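Peer 1: Here's a structure for you.
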Amino acid sequence: MASLSRFAIAGLGRSALSRDLIGTARQLAAAAVRDALADCGLAAQDLDGLLINQSSIAAAGTLPLQLIDDIGLEDLHLLSIVECKGASVLAMVQQAGLAVAAGMASCVACVFADTPVGGGQRGSDTFSNEAPLTGIEGWEGQYGLRGPVASYALAAQRYLHDNALAADALGHHALACRRWAALNPSAFLRDPLTLEDYRSSRPIAEPLRLLDCAYPVNGAAAIIVTTAERAADLRRPPVHVHGMGQGHATLKRLAGPAGENATAGVLAAARAYAMAGASPADVTQCQLYDAFSICALLALEGYGFCGEGEAAGFIADGHTSPGGRLPVNTGGGHLAEGYLQGMTPLAEAVVQARGDAGERQRRADLILVNGSGGRLEFHAALLLSPHRSLA
Amino acid sequence: MNADLPSAFLAYIAARELRVPRLRSSGQCLSYASRPPVGEIEWTPASGHARLVSYTVLHGRASDAATQPGAAPGAYNVAWVELAEGPRLVSTVHGAAPGQIQIGMPLQARFEDDGRLVFVPAAPHKETA
């Protein structure tokens, strides 16, 4: 391993999080940025960059550029809306870091906000957009292939078949995430789960059950990126960025023949590890984007922690649970902590890197954070550490 | 047909024809997600032979779903099908009880009365190249 970071995450903030309507996404976004500023002891005038990501399913303009006025920002050197589905949050951090490292900006906030539930609106209604797979617009609607859950179910079904796994094999990840959520006072779903609970939970799109799906919440989160030197002078311990990668392959066939379950995540992994001069063996914990349980299994394989088809067994053996050798989603992840489309794993990584995780604190020397979205098409990864230098 | 790939595909479907797009120059069969220049596409009839790459059973509210015989109320299957010629498309398997749907099973394309393309279980057939 060899890396000296040039930029770091200096601030982390959240709005209130709730299943009820507690404000517009725009209001929550401003609250999260203010909270991040307070976290690192900065004021609005100290920011010279803002990157914004809204849910791709929310109406256009939900988080407009005018957010800068809501927060009271002026004279920015960096401003844009970033959109890359589930890879968006990490893409924002990467773009902020590139700008800071190049000297284009010095202190950049990245914010995500969403209000998918509450007021009679169900998560299943919000996340029911048609899932294009064939390449012919509108084709899938006639067959009722609605919602990301349906596309991921096709991938999950194929994965279980190719690896001769039982229908409940994915449930082990849901159970593991609950074990971590039990240690996280901020998590929404903290009750322990048994495999019997999993087997009896409502099927949504087989083999995916309700307990395989992320738990939508209303809220926002923001992080602040600055140079490694500046971060060292601020209130909180810096979280250094050592590796960055993205991987995208829209024409990759979902659920291909045996051996083609690999996603473009492997591209993101290769770049992130190479940049950090690191390998999977150096990673001490993972924060994985699990919109659905299958995403975490594919990420464990794609990022090199176990061989193809081995992730279910790896998780079932307890390696990713409290007490295991590779903690995964130590706050409960999207399934149990709450779904903030990539901010959930990133925020938990920051908390862990700072040593603020209390009862769920584990070795945080090198943390892999990933993001993935679309139909398993769009991927991003970060390697984070409290250490400025990796040797 | 000089329409773009999606429009041409749908026009054939409306005429109850399942066709696949090939490059005129090489005969190579393209996926339905491809977007080559329209003049390069030749639409040839598909054999209708296919195999099941994956499937899921969606459990929606009964009012939303096209309930199929033998399935749980409000449940229906969505299939990810690979034609013998190569292209993949979303459809549904008809005429198979839920327990009979198996990844890899041979299928045959069929148009329903309402013009919707579905696939039914087929006797094992030789794969074309």
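Peer 1: Go through (1) more than 18 Å from residue A:299 (Cα to Cα); (2) open to solvent by 30 Å² or more (accessible area, probe 1.4 Å) one by one and return the number of the condition residue A:143 breaks.
Peer 2: The one condition residue A:143 does not meet is (2).
Peer 1: Among the listed residues A:70, A:75, identify the single one that is open to solvent by 10 Å² or more (accessible area, probe 1.4 Å) and not in a loop (DSSP other than H, G, I, E, B).
Peer 2: Being open to solvent by 10 Å² or more (accessible area, probe 1.4 Å) and not in a loop (DSSP other than H, G, I, E, B) holds for just one of A:70, A:75, which is A:70.
Peer 1: Taking the criterion of being open to solvent by less than 30 Å² (accessible area, probe 1.4 Å) and out of contact with any Ser or Thr (no Cβ under 7 Å at 6 or more places or on another chain), would at least one residue in the range A:356-363 satisfy it?
Peer 2: no
Peer 1: Which residue out of A:305, A:378, A:292 is among the aromatic types (Phe, Trp, Tyr) and surrounded by fewer than 24 Cβ atoms within 10 Å (Cβ to Cβ)?
Peer 2: Sole residue among the options that is among the aromatic types (Phe, Trp, Tyr) and surrounded by fewer than 24 Cβ atoms within 10 Å (Cβ to Cβ): A:305.
Peer 1: Conditions: (1) at pLDDT below 95; (2) closer than 21 Å to residue A:367 by Cα; (3) surrounded by fewer than 22 Cβ atoms within 10 Å (Cβ to Cβ). Residue A:7 meets all but one. Number of the miss?
Peer 2: Residue A:7 satisfies all of (1) at pLDDT below 95; (2) closer than 21 Å to residue A:367 by Cα; (3) surrounded by fewer than 22 Cβ atoms within 10 Å (Cβ to Cβ) except (3).
Peer 1: If you don't mind, another one. Can you tell me which residue among A:159, A:152 is outside any loop (DSSP other than H, G, I, E, B) and out of contact with any strand residue (DSSP E or B) (no Cβ under 6 Å at 6 or more places or on another chain)?
Peer 2: A:159
Peer 1: Next question, about the same structure. For residue A:95, state whether it is closer than 30 Å to residue A:235 by Cα and assigned to a helix (DSSP H, G or I).
Peer 2: Yes: the conditions hold for residue A:95.
Peer 1: Could you pull out the residue among B:70, B:48, B:74 that is modelled with pLDDT under 85 and open to solvent by less than 30 Å² (accessible area, probe 1.4 Å)?
Peer 2: The unique qualifying residue is B:74.
Peer 1: Okay, next question. Could you list, in sequence order, the residues of the range A:185-214 that are in a loop (DSSP other than H, G, I, E, B), in contact with a helix residue (DSSP H, G or I) (Cβ under 6 Å, 6 or more places away or on another chain) and closer than 20 Å to residue A:340 by Cα?
Peer 2: Hits for the range A:185-214 are A:187, A:189, A:190, A:214.
Peer 1: Continuing with the same structure: Against the condition open to solvent by less than 60 Å² (accessible area, probe 1.4 Å), at pLDDT below 95 and more than 11 Å from chain A (Cβ to nearest Cβ), how does residue B:125 come out, does it pass?
Peer 2: Yes, satisfied.
Peer 1: Kindly indicate whether any position in the range A:309-319 is touching a Lys or Arg at 6+ places or on another chain (Cβ under 6 Å) and surrounded by fewer than 24 Cβ atoms within 10 Å (Cβ to Cβ).
Peer 2: yes
Peer 1: Out of all the residues in the range A:76-90, is one or more within 14 Å of chain B (Cβ to nearest Cβ) and among the basic types (Lys, Arg)?
Peer 2: No, that holds for no residue.
Peer 1: Out of all the residues in the range A:52-63, is one or more closer than 29 Å to residue A:275 by Cα and in contact with a Leu (Cβ under 7 Å, 6 or more places away or on another chain)?
Peer 2: Scanning the range A:52-63, I find at least one residue that is closer than 29 Å to residue A:275 by Cα and in contact with a Leu (Cβ under 7 Å, 6 or more places away or on another chain), so the answer is yes.
Peer 1: So, one more: Please state which of the following conditions residue A:334 fails to meet, knowing it meets all the rest: (1) part of a loop (DSSP other than H, G, I, E, B); (2) closer than 16 Å to residue A:177 by Cα.
Peer 2: Just one mismatch for residue A:334, condition (1).
Peer 1: Confirm whether residue A:231 is modelled with pLDDT of 95 or more, open to solvent by less than 40 Å² (accessible area, probe 1.4 Å) and assigned to a loop (DSSP other than H, G, I, E, B).
Peer 2: It is false that residue A:231 is modelled with pLDDT of 95 or more, open to solvent by less than 40 Å² (accessible area, probe 1.4 Å) and assigned to a loop (DSSP other than H, G, I, E, B).
Peer 1: Being crowded, with 23+ Cβ neighbours inside 10 Å, assigned to a helix (DSSP H, G or I) and over 18 Å from the mean Cα position of the chain (by Cα), is that true of even one residue in the range A:338-345?
Peer 2: No, the conditions are met nowhere in the range A:338-345.
Peer 1: Suppose we filter B:22, B:35 for residues that are facing another protein chain (nearest Cβ under 10 Å), open to solvent by 30 Å² or more (accessible area, probe 1.4 Å) and in contact with a Leu (Cβ under 9 Å, 6 or more places away or on another chain); which single one remains?
Peer 2: Only one candidate passes the filter, namely B:35.
Peer 1: When only residues in the range B:51-66 that are within 11 Å of another protein chain (Cβ to nearest Cβ) and at pLDDT below 75 count, which is least open to solvent (accessible area, probe 1.4 Å)?
Peer 2: Restricting to residues being within 11 Å of another protein chain (Cβ to nearest Cβ) and at pLDDT below 75, the top hit is B:65.
Peer 1: Which one of A:169, A:164 is surrounded by fewer than 19 Cβ atoms within 10 Å (Cβ to Cβ), assigned to a loop (DSSP other than H, G, I, E, B) and small (Gly, Ala, Ser)?
Peer 2: Residue meeting the stated conditions: A:164.
Peer 1: Please determine, by comparing only the residues of the range A:141-181 that are free of Cβ contacts under 8 Å to residues at least 12 places away in the same chain and at the interface with chain B (Cβ under 9 Å from one of its Cβ atoms), which one is nearest to residue A:58 (Cα to Cα).
Peer 2: Out of the qualifying residues, it is A:144.
The values are calculated or read from the model by the stated rules, or taken from the named source; none is laboratory data. Just so you know, these numbers come straight off a predicted model, no measurement behind them. Reconstructed Cβ throughout: ideal geometry from the backbone, glycine too, with neighbour counts over all protein chains shown. Heads up: the accessible areas ignore ligands, DNA and RNA and are worked out on the full protein's heavy atoms, side chains in. Shrake-Rupley method; radii C 1.70, N 1.55, O 1.52, S 1.80 Å.
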